[in-house]
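Here's the structure, in structure tokens; my notes come after.
The values are calculated or read from the model by the stated rules, or taken from the named source; none is laboratory data. What you are looking at is a predicted structure, and each value in this text was computed from that prediction instead of being measured. Methodologically, a virtual Cβ is constructed for each residue, glycine included, from the backbone with ideal geometry; neighbour enumeration extends over all protein chains shown. Note: accessible area is taken over every heavy atom of the protein model, side chains too, but ligands, DNA and RNA are not part of it. Shrake-Rupley method; radii C 1.70, N 1.55, O 1.52, S 1.80 Å.
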Amino acid sequence: MSDETTDRDPATVETDAEIHGCPVSDSRGQVVVHPPRDRYVEVVKALADDGYAVCVDVTCVDYLAHMGRVLPDGVERQRFEVIVNLLDLGNRRRIRLRVQVPEDDPTLPSLFDIHPGTEAMEREVYDMFGITFADHPDMTRILMPEDWVGHPLRKDFDVGEIPVQFKEANA
């Protein structure tokens with residue numbers, strides 16, 4: 001199948017389809033592209049050229065307990081998966097990317113140069129999951145204190161407690 005798949009109705013995408021040379025699947029009627037990590041930025045740029053000019057979300061999932069999840073043939077399962085949701089407002093289309101990120105090298109290139117609005121989203125993924133985005137303009141914590149140790153949304157992060165301090169409370 002050619003790259004014109006992005007112009008088709010998502011419900012008609014075959015499971016052996018490819019977009020920009022990457023495996024494609026369907027998730028509840030939405031086209032999902034599975035680019036390899038080394039082609040992540042290239043595929044996002046190509047999709048931007050296809051009209052997907054808005055990045056609405058960058059997030060992550062830790063599949064530590066679900067390594068047997070279903071992925072298209074040729075996609076190697078990794079512990080982490082970075083998910084990117086793109087919109088083509090002119091043609092009223094949406095597409096999702098799912099990129100496998102290995103536990104022993106949790107890095108991806110930043111999308112900041114293509115979609116500057118991803119700056120805070122990539123920082124959140126870094127803060128919560130420990131995925132580092134290379135060439136990011138400010139790869140620092142955004143939600144947790146700078147001195148926080150660990151990444152709270154990793155499945156192996158110990159659940160603890162933080163003492164809550166109330167103004168004017170008698171201890």
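Things worth noting here:
- Using C-alpha pairs under 8 Å with a sequence gap of at least 6, the mean separation divided by the residue count of segment 20-106 gives a relative contact order of 33 percent.
- Once the Cα gyration tensor of segment 79-121 is diagonalised, semi-axes √(5λ) in Å: 23, 14, 6
- Tilt relative to the chain, helix 40-49 - C-alpha long axis, 0 to 90 degrees, to 10: 60 degrees
- Label corresponding to Cα extents along the principal axes in Å when calculated from the structure given, among [x] 67, 35, 28; [y] 69, 53, 34; [z] 43, 31, 31: [x]
- Kirkwood Rh, angstrom, segment 40-125 [1 / mean 1/r, Cα pairs]: 13.7 Å
- In the chain, Cα pairs under 8 Å separated by at least six residues give a relative contact order of 17 percent.
- Within-13-Å neighbourhood charge of residue 117 [Cβ basis; K, R +1; D, E -1]: -4
- Solvent exposure of the chain amounts to 58 Å² per residue of accessible area, where only protein heavy atoms count and the probe is 1.4 Å.
- Among 115-128, 138-151, 70-83, the peptide with the highest mean count of other Cβ atoms within 10 Å heads the list, and the full ranking is 115-128, 70-83, 138-151.
- Split the accessible area of the chain by element, probe 1.4 Å, and carbon with sulfur accounts for 49%.
- Each Lys and Arg Cβ is given +1 and each Asp and Glu Cβ -1; about its Cα centre, the chain then shows a dipole of about 460 debye.
- Mean ellipticity per residue at 222 nm, deg cm²/dmol - from DSSP H runs of n ≥ 4 across the chain, formula -39500 (n - 2.57): -4000 deg cm²/dmol
- Highest mean packing first, where packing is the average number of other Cβ atoms within 10 Å per residue, the peptides 21-29, 95-103 line up as 95-103, 21-29.
- Using alpha-carbon coordinates, inclination of helix 118-129 to the longest axis of the chain, degrees: 60 degrees
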